[in-house]
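Below you'll find the structure, written out as structure tokens, and then a few comments.
What follows is calculated from the coordinates using simple rules that are stated; it is not laboratory data. Fair warning: this is a prediction, and the values are worked out from it, not measured in the lab. Methodologically, a virtual Cβ is constructed for each residue, glycine included, from the backbone with ideal geometry; neighbour enumeration extends over all protein chains shown.
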Amino acid sequence: MDKIQDEIIEEFSVFDDWLDKYDYLIGLSETLPPIAPEHRTEQYLIEGCQSRVWVDAKLEEGRVYYAADSDAIITKGIIALLIRVLNGRTPQEILDTQ
């Protein structure tokens, strides 16, 4: 997991300007697979977010797999980063993430 986090830090380190970082996040938002329509409901909505964010998590063979979406493109890009780091991890690995 640290390797993926280091890769993300490296990817962002090439940008000096915040606008370039935002553009990168927007690009990442386009790579996020769509969440199933039945998961874009209040049950999957994250409370307290200014943007609307839906998250579904499934435990398969001891590993957690996520699907998510947002109505805000920057937030959606951040979600793509989180899924990149956490997808396919065990629950304990996720809890141990710093």
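Could you tell me the calculated FRET efficiency between Lys21 and Leu82, based on Cβ-Cβ distance and R0 = 22 angstrom, to the nearest 0.05? List each step's numbers first, then the result.
Numbers: r = 16 Å, r/R0 = 0.72.
Taking R0 as 22 Å, the efficiency between Lys21 and Leu82 is 0.85.
In a Debye calculation with equal point scatterers on the alpha-carbon sites of the chain and no solvent, what is log10 I(q)/I(0) at q = 0.22 Å⁻¹? Values, matching the q order: -1.23. Taking each pair of different alpha-carbon atoms in the range 1-51 once, compute 1/r for the pair, average those values, and report the inverse of that mean as the Kirkwood hydrodynamic radius in Å to one decimal. Kirkwood hydrodynamic radius for the range 1-51: 13.6 Å. Converting phi to 3J(HN,Hα) with the Karplus coefficients 6.51, -1.76 and 1.60 and the offset θ = phi - 60°, the range 33-44 yields x, x, 7, 4, x, 5, 9, 8, 10, 4, 4, 9 Hz in sequence order, with x at every glycine or proline. Distant-in-sequence amide contacts of Ala72, defined by a placed amide H-H separation under 5 Å and a gap of 5 or more residues or a different chain, comprise Arg52.
In order along the range 53-64, the Karplus-derived 3J(HN,Hα) couplings, from 6.51 cos²θ - 1.76 cosθ + 1.60 at θ = phi - 60°, round to 10, 10, 9, 10, 10, 10, 9, 10, 6, x, 10, 9 Hz, and Gly and Pro are given as x. As a calculated quantity, the FRET efficiency between Ile8 and Glu42 at R0 = 41 Å, using C-beta atoms, amounts to about 0.85.
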